[in-house]
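Just so it is clear, none of the values below were taken in a lab; they were calculated from the coordinates. In this text, all values refer to a predicted model and were calculated from it rather than measured experimentally. Note that we place each Cβ from the backbone using ideal geometry, even for glycine, and neighbour counts take in every protein chain shown.
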Amino acid sequence: MHPVNVIGAGLAGAEAALTLAEHGFKVRLFECRPAVMPEVFKTGAPCELVCSNSLGSMKPESAPGILKSELEALGSHVLAAASAARVPGGQALCVEREKFSKIIEEKITGDPNIEFIREEVRSLSAFAGGEKLVIASGPLTTAALFDSLADKFSGNLYFYDAVSPIVEAGSIDMSRAFWKNRYSKGADDYLNIALNKDEYFAFYRELIAAKTVPPRDNEKEIFFESCMPIEELARRGEHTLRFGPMKPKGFDDPRTGRMPYAVLQLRTENGLNSAFNIVGFQTKMTFGEQARVLAVIPGLEKIKILRYGVIHKNRYMYSPGLVNFNLSLKSDPSIFAAGQILGSEGYSEAIAGGKLAALNIVYAAKTGENRSVLDLIDCGRTMAGSLFKYLTMSGAPMKKFVPMNSNFGLVDTKSYPKETFHELSREQISKLAGMLKKI
């Protein structure tokens with residue numbers, strides 16, 4: 001049996017490689033870093049999280065929480081690593097980035113079935129015809145590889161994503177900050193700074209006037225709604241931030257005992273609380289402007305930025321016209337796509353794509369059936385099934401196809417009520433996990 005080639009050691013690629021190896025497949029896992037470093041990456045480590053360090057909500061009844069429960073039931077290797085690297089984050093699964101990547105790297109390099117090859121794949125012609133291939137190169141796929149896929153990926157879809165700054169804890173005036181979760185749910189995992197009306201508008205005025213990095217080559221800037229730069233949000237209206245990343249509901253200002261006008265939230269980057277990322281503050285401001293504008297916020301007057309926010313271009317394919325439900329390409333069923341290049345959005349969603357692509361390859365090899373393992377159950381009762389049905393079968397026209405994360409808008413909630421969907425999901429995924437053990 002030929003080895004399975006996996007391009008990209010990100011969340012999807014790592015999950016695919018580890019899952020295939022677990023089932024006895026030989027895997028060649030390719031990663032271009034550190035020899036070739038796409039923008040915003042800082043290391044050559046597998047599963048480097050370049051945006052938030054949060055994998056989203058763990059609340060059992062929430063859409064992201066249900067997807068994680070499904071991944072856990074299917075034995076996700078990457079999700080297990082995230083749990084092992086977890087840091088406080090309220091109801092969200094937040095990780096210490098370096099520890100998380102290190103755990104994954106040790107899993108990959110310690111697996112005798114995985115050959116970890118650190119070189120750039122510039123063309124699919126490098127692989128022999130008929131070999132199984134998983135393209136999990138992510139939204140930051142190198143230009144050379146993306147160009148080589150033009151004959152298989154019609155269209156050149158993209159959106160711009162932005163990253164929040166990470167700041168040094170010692171540069172925060174802790175006399176102006178307080179630890180608390182919204183509505184006091186769970187442990188007090190978030191550091192907060194309350195702003196009154198005058199303080200908020202002083203910040204707002206500087207924010208909307210700040211200099212930003214211009215788009216490249218006069219390219220139209222298309223933003224994904226949940227990754228919108230904070231200055232772009234602010235330009236929608238002077239109160240937009242107060243209903244978004246600076247929402248004050250659920251907090252009392254310790255200085256007044258009343259709900260503040262706005263709240264800035266910071267989330268720890270590690271177990272030492274030595275660095276924090278500013279929640280929801282992804283930005284395309286120039287580096288100098290980031291330092292200047294943040295210093296207007298009380299408590300951040302002497303702020304030291306450890307990692308500046310940056311903007312980068314994310315590429316993805318028009319999957320409804322290109323990809324089968326088992327995540328193989330319609331033009332070549334030996335090639336599978338997984339992760340954000342497929343058009344999924346979010347860390348957990350990328351992991352799910354890698355897991356399912358691998359399981360579908362395993363299932364086909366052992367049964368001779370080229371189908372999705374999700375077809376073995378009532379997948380409409382699962383979050384993964386609902387998500388990947390949308391990504392591959394929605395029929396959305398190319399101009400309107402945008403990356404999608406797990407949410408109840410994908411679910412037939414008339415047939416499967418939102419309130420009990422987590423129970424239906426658990427039943428179906430448990431059934432699938434049992435069936436997969438027997439093949």
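What's the ranking of 303-309, 347-353, 324-330, 182-188 by average number of surrounding C-beta atoms within 10 Å, highest first?
Listed from highest to lowest mean packing, they are 347-353, 324-330, 303-309, 182-188.
By how many nm would the segment from Leu376 to Met259 lengthen if fully extended, with 0.36 nm per residue of separation less the alpha-carbon distance?
37.1 nm
Once you have the alpha carbon radius of gyration of the chain, what is it after dividing by 2.2 N^0.38 Å, with N set to its residue count?
Working: Rg = 22.0 Å, N = 439, 2.2 N^0.38 = 22.2 Å.
Against the compact-globule rule of thumb, the ratio is 0.99.
Provide the gained length on full extension for the span Glu119 to Lys400, in nm with one decimal, where the gain is 0.36 nm per separating residue minus the Cα-Cα distance.
My answer for the length gained is 97.7 nm.
Suppose each label sits 7 Å from its Cα in the direction of the beta carbon; what would the Ala209-Asp332 distance come out to in nanometres?
Distance between label points: 5.5 nm.
Taking the range 324-439 as the region of interest, what is the percent of Cα-Cα pairs per 5 angstrom bin, listed from the shortest bin to the one with the maximum distance?
P(r) over the range 324-439, rounded to whole percents: 2, 11, 21, 24, 21, 13, 6, 1, 0.
Can you tell me the alpha carbon radius of gyration of the range 166-309 divided by the globular rule-of-thumb value 2.2 N^0.38 Å?
With N residues counted in the range 166-309, Rg over 2.2 N^0.38 Å equals 1.03.
Multiply the residue separation of Met393 and His239 by 0.36 nm, subtract the distance between their alpha-carbon atoms, and state the gained length in nm to one decimal.
Details: separation 154, 0.36 × 154 = 55.44 nm, distance 3.79 nm.
Computed gain between Met393 and His239 is 51.6 nm.
Using alpha carbon centroids, what distance separates the range 17-71 and the range 364-439, in Å?
What the calculation gives is 20 Å, centre to centre.
Which one of Leu149, Asn192, Ile341 is farthest out on the positive end of the charge dipole of the chain, using unit charges on Cβ (Lys, Arg +1; Asp, Glu -1) and the Cα centre as origin?
Asn192
Can you give the Rg to Rh ratio of the range 47-187, both from alpha-carbon atoms, with Rh computed by the Kirkwood formula?
Checking Rg against Rh, the ratio lands at 1.04.
Picking from Thr19, Pro64, Asn53, whose Cα lies most toward the positive end of the charge dipole for the range 1-143 (charges on Cβ: Lys, Arg +1; Asp, Glu -1)?
Going by the Cα projections, it comes out as Asn53.
Using only Cα atoms, tell me the angle between helix 347-367 and the longest principal axis of the chain; keep it within 0 to 90° and round to the nearest 10.
Long axis of 347-367 versus the principal axis of the chain: about 10 degrees.
Going by how many other beta carbons lie within 10 Å of each one, how would you line up Thr256, Thr240, Thr283, fewest first?
Ordered by Cβ neighbours within 10 Å, fewest first: Thr256, Thr240, Thr283.
Rounding to the nearest 20 debye, state how big the charge dipole of the range 166-309 is about its Cα centre with +1 on each Lys and Arg Cβ and -1 on each Asp and Glu Cβ. List each step's numbers first, then the result.
Values: 22 positive and 19 negative charges, 51 e Å.
For the range 166-309, the charge dipole is close to 240 debye.
Return a whole-number percent for the relative contact order of the chain, with Cα pairs under 8 Å and 6 or more residues apart as the contact set.
Dividing the mean separation by the residue count of the chain yields 21 percent.
Might you report the magnitude of the Cβ-based charge dipole of the chain about its Cα centre, with Lys and Arg at +1 and Asp and Glu at -1, to the nearest 20 debye?
Once rounded to the nearest 20, the dipole reads 520 debye.
Please tell me the relative contact order of the range 191-262 in percent, rounded to the nearest whole number, where contacts are Cα pairs under 8 Å and at least six residues apart.
40 percent
Can you give the log10 of the normalised intensity I(q)/I(0) at q = 0.20 Å⁻¹, computed with Debye over equal Cα scatterers of the range 207-260?
Those come out to -0.83, one per q.
Just need log10 I(q)/I(0) for the range 152-211 at q = 0.22, 0.29, 0.30 Å⁻¹, Debye formula, equal scatterers on the alpha-carbon atoms, no solvent, rounded to two decimals.
-1.16, -1.17, -1.16
As I understand it, the value is the acute angle between the Cα axis of helix 97-109 and the longest principal axis of the Cα atoms of the chain; what does it come to in degrees, rounded to 10?
Relative to the chain, helix 97-109 is tipped by roughly 10 degrees.
Between Ser344 and residues 5 or more places away or on another chain, which pairs have amide H atoms under 5 Å apart, with H built 1.01 Å from N, and which residues are they?
Residues meeting the amide H criterion: Met404.
For the chain, what is the mean residue ellipticity at 222 nm derived from helices alone (per DSSP H run of n ≥ 4: -39500 (n - 2.57); sum divided by total residues; nearest 500 deg cm²/dmol)?
Details: 12 runs with 130 residues, N = 439.
Value at 222 nm, helices only: -9000 deg cm²/dmol.
By average Cβ neighbour count within 10 Å, what is the ranking of 428-434, 105-111, 73-79 from highest down? List each step's numbers first, then the result.
Values: 428-434: 17.6, 105-111: 15.7, 73-79: 22.6.
Most protected by this proxy first, the peptides run 73-79, 428-434, 105-111.
Please list 3J(HN,Hα) in residue order for the range 262-279, calculated via the Karplus relation 6.51 cos²θ - 1.76 cosθ + 1.60 where θ = phi - 60°; whole Hz, with x for glycine and proline.
For the range 262-279, the Karplus curve yields 7, 9, 9, 10, 10, 10, 5, 9, 8, x, 8, 6, 8, 8, 9, 9, 8, 5 Hz.
Set the Förster distance to 41 Å, then compute FRET efficiency between Leu272 and Met435 from the Cβ-Cβ distance, nearest 0.05.
With a Förster radius of 41 Å, E is 0.40.
Once you put a point 7 Å from the Cα of Glu221 and another 7 Å from the Cα of Met1, both along the Cβ direction, what distance in nm separates them?
Once both label points are built, they end up 4.9 nm from each other.
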